Amino acid sequence: MDIFTVETKPYLDQSFGTSGLRRKSDIFRQENYLENIVQSIFDSLQGFEGQTLVIGGDGRYGNNEAIQKIIKMAIANQFGHIIVGQNGLLSTPATSHVITLNQAFGGIILTASHNPAGKNGDFGIKYNIATGGPAPESLTNIFIQKMHQIDRYWMIHTNDIDLSNVGEQTIGSSIVEVIDPVYDYTHYMEQIFDFNAIRKLFQKGFKMTYDAMNAVTGPYAKHIFEEVLGAQEGSVIRGTPIPDFGGIHPEPNLTYAKELVDLAYSPSAPDLCAASDGDGDRYMILGKSFFVNPADSLAILAENMEKIPFYKGRFYGAARSMPTGGAVDLVCQRLKKDCYQTPTGWKFFGSLLENQKISLCGEESFGAGSFHVMEKDGIWAILCWLNIMADTQKTPEELVRNMWKRYGRIYNQTINYDTDSAEKAKHLIDSLSAKLVSLPQKNIKNLTITEAHLFDYTDPVTKAQSTNQGVLIQFGPNDQAMIRLSGTVSSGATVKVYLHHKDTQTDLATEKALATLSEATQDILNIPKYLGKNVRITKT
Ligand code: VG1
Ligand code: CO
């Protein structure tokens, strides 16, 4: 087999964000752009010769071309076994599972997750380690160093590999195995949940609509919900993956899954509406005319986790990212279990999950997961809800209202400010950081600032430190604002403001409950001064 060396030059814009490296599709199409990243990843790893590499992809524009290149490079770099999903499809949580199931050395996932796809959309790549979880910062820092120094990569000469049929092919001394992307994952879910109880629920006429948002989870959802669990045919909508996701923003939230939200609030609403994102690691849950906030959802999962067979006697504790509302903390307090607060991004949960410090974790951005795979997992989270609903015979609204009654309600909202200017956004955060010491004891809009500081984090297990993960402003015991820059945008910048307000009144409209906190935070941030008028605001 002919291995050849290609000379290349570094791209200095290459860096890793919250979850991998994401750029506009056009940027990825530059000569050697993807090859440089892949070779730099391989150059940072040791001892993979003869080992297994899993390649996953959410099917977006550029997916298959990238997979062909990566397979050829992996063979040239001496991986012995390459596992890839049929037609290049494998959701992020399924990839994570395939990595551990096959004791692979690691995996490469081609996705920009919730970012829009297509010629004018985004593309992305991330590396997951042998645990199935995202590479920790200590490793991604090495990737970046290598990317900025790279001068060659290795490739083999061969025809494109047929990814349309399941089976094995030998290329040189390596095996390329094309797998059914849905089979192993479904089997695993069957071991975790009480599928019989969920089947009975559907038999009794329970109705569900699942929106796959034209992205990777369509085939998983159709098989699991409709074929295996017996949900009515047609329960899965937008279930065929399309390379540009049909031009939509594949992010399951109140803004981008609006059609589904409208259905949930209509007279013909099914019992459950749910959706996932581009690569299948996020989820949204709505009951009839009732939206379940991700922070409340996490708390419901914590409270009921031991009702799910796989977790019986195995609820060790929970974790949430700092911007996520603290309802789960209240549940953990009652259950006398630990509850951790981490920076944003799944890579920070890995050590806690692996070391049985926690069983469950989640983020305000509609992600939740457990130790079953080291990634957040959309279909799994929806199955958790189905299992809990089958067990308790309660609706999402009943479950959540019951919880509010017992613990009080924490109102949450995330406000995203998109701007074209990364410099202006950075200036806003820098100025805010500089004035933090002067904030405590200030009164703003009837609220008193009691604490203001940068969020720094020391991993409780590895002791690795991550500094500057956002600005926290505390207004007494019941109100908190957090501000940080998004790490997943491919151009410009997004300033994210997260508001949390705890109240004993549980029936307020979210906007109203958060009004005072929101005004006080606006006062401190002064967005128009820093970002100007050209900002796009979305609330989730
Ligand atoms: C966003 C979310 C974060 C999530 C990340 C990756 O990051 O806020 O909670 O882990 O996306 O999710 P940021 O830096 O833009 O706030 V996904 O579904 O894109 O893998
Ligand atoms: Co995602």
Quiz item: Are any of the residues in segment 301-317 closer than 19 Å to PHE193 by Cβ, touching a helix residue (DSSP H, G or I) at 6+ places or on another chain (Cβ under 9 Å), within 16 Å of ligand 2 (Cβ to nearest atom) and of a type in the set (Ser, Thr, Tyr)?
Solution: no
Practice problem: Please go through segment 518-536 and pick out each residue that is surrounded by 12 or more Cβ atoms within 10 Å (Cβ to Cβ) and closer than 24 Å to TYR256 by Cα. | Solution: SER518, ILE527, LEU531, VAL535
Exercise. Select, from VAL6, VAL38, the only residue that is assigned by TED's automatic domain parsing to the domain that holds PRO134 and either free of Cβ contacts under 8 Å to residues at least 40 places away in the same chain or more than 25 Å from the chain's Cα centre (by Cα) (or both).
Key: VAL6
Practice problem: Return yes when ASP420 is touching a residue at least 40 places away in the same chain (Cβ under 8 Å) and within 16 Å of ligand 2 (Cβ to nearest atom) and no when it is not. | Solution: no
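Listed here are the residues, each with its yes/no results for (1) more than 24 Å from MET189 (Cβ to Cβ); (2) within 16 Å of ligand 1 (Cβ to nearest atom).
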residue: GLY326; (1), (2): yes, yes
residue: ASP329; (1), (2): yes, no
residue: CYS332; (1), (2): yes, no
residue: TYR340; (1), (2): yes, yes
residue: GLY345; (1), (2): yes, yes
residue: ILE379; (1), (2): no, yes
residue: ARG409; (1), (2): yes, no
Quiz item: Got at least one residue in segment 324-332 being out of contact with any Asp or Glu (no Cβ under 8 Å at 6 or more places or on another chain), free of Cβ contacts under 8 Å to residues at least 60 places away in the same chain and of a type in the set (A, V, I, L, M, F, W, C)?
Solution: yes
Quiz item: Can you pull out the residues in segment 1-43 that are farther than 12 Å from TRP154 by Cβ and of a type in the set (D, E, K, R)?
Solution: LYS9, ASP13, ARG22, ARG23, LYS24, ASP26, ARG29, GLU31
Quiz item: Does GLY278 satisfy the criteria of being within 16 Å of ligand 2 (Cβ to nearest atom), outside the structural domain of PHE455 (by TED's automatic domain parsing) and either in contact with a strand residue (DSSP E or B) (Cβ under 7 Å, 6 or more places away or on another chain) or outside any strand (DSSP E or B) (or both)?
Solution: yes
Quiz prompt | Hits in segment 287-321 - residues which are assigned to a helix (DSSP H, G or I) and either farther than 25 Å from CYS273 by Cα or among the β-branched types (Val, Ile, Thr) (or both) | solution = ILE300
Quiz item: With VAL236, VAL261, VAL228 as the choices, which residue is surrounded by fewer than 20 Cβ atoms within 10 Å (Cβ to Cβ), β-branched (Val, Ile, Thr), touching a residue at least 24 places away in the same chain (Cβ under 8 Å) and more than 16 Å from ligand 1 (Cβ to nearest atom)?
Solution: VAL228
Quiz item: How many residues are in a strand (DSSP E or B), charged (D, E, K, R) and out of contact with any helix residue (DSSP H, G or I) (no Cβ under 7 Å at 6 or more places or on another chain) if we restrict to segment 487-540?
Solution: 4
Exercise. Would you check which residues across segment 172-204 are more than 29 Å from GLU306 (Cα to Cα) and modelled with pLDDT of 95 or more and list them?
Key: SER174, ILE175, VAL176, GLU177, VAL178, ILE179, ASP180
Quiz item: So PHE48 fits all but one of (1) in a loop (DSSP other than H, G, I, E, B); (2) under 25 Å from the mean Cα position of the chain (by Cα); what number is the exception?
Solution: (2)
Quiz item: Taking segment 74-97, which residues are surrounded by fewer than 23 Cβ atoms within 10 Å (Cβ to Cβ) and either within 14 Å of ligand 2 (Cβ to nearest atom) or not in a loop (DSSP other than H, G, I, E, B) (or both)?
Solution: HIS81, GLN86, ASN87
Practice problem: Just give me the residues in segment 349-377 being near ligand 1 (Cβ under 9 Å from one of its atoms) and closer than 16 Å to GLY132 by Cα, in sequence order. | Solution: GLU375, LYS376
Quiz item: Restricting the search to segment 217-237, which residues are part of a loop (DSSP other than H, G, I, E, B) and under 20 Å from the mean Cα position of the chain (by Cα)?
Solution: THR217
Quiz item: Which condition does LEU428 not pass, out of (1) within 16 Å of ligand 1 (Cβ to nearest atom); (2) under 24 Å from the mean Cα position of the chain (by Cα); (3) more than 30 Å from GLN203 (Cβ to Cβ), if it passes all the others?
Solution: (2)
Quiz prompt | Where SER138 falls short, out of the listed (1) hydroxyl-bearing (Ser, Thr, Tyr); (2) within 26 Å of VAL461 (Cβ to Cβ); (3) at pLDDT 95 or above | solution = (3)
Quiz prompt | strands (runs of 3 or more DSSP E) contained in segment 334-378 and holding at least 2 residues within 16 Å of ligand 2 (Cβ to nearest atom) and touching a residue at least 60 places away in the same chain (Cβ under 8 Å) | solution = 360-363, 367-370
Quiz item: Given (1) within 16 Å of ligand 1 (Cβ to nearest atom); (2) in a loop (DSSP other than H, G, I, E, B); (3) touching a Lys or Arg at 6+ places or on another chain (Cβ under 8 Å), where does LEU21 come up short, assuming only one miss?
Solution: (2)
Quiz item: If you go through segment 474-509 one residue at a time, how many are at positive phi and within 16 Å of ligand 1 (Cβ to nearest atom)?
Solution: 1
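The values are calculated or read from the model by the stated rules, or taken from the named source; none is laboratory data. Computed from a predicted structure; not experimentally measured. Virtual Cβ from ideal backbone geometry, glycine too; neighbours counted across all protein chains shown.
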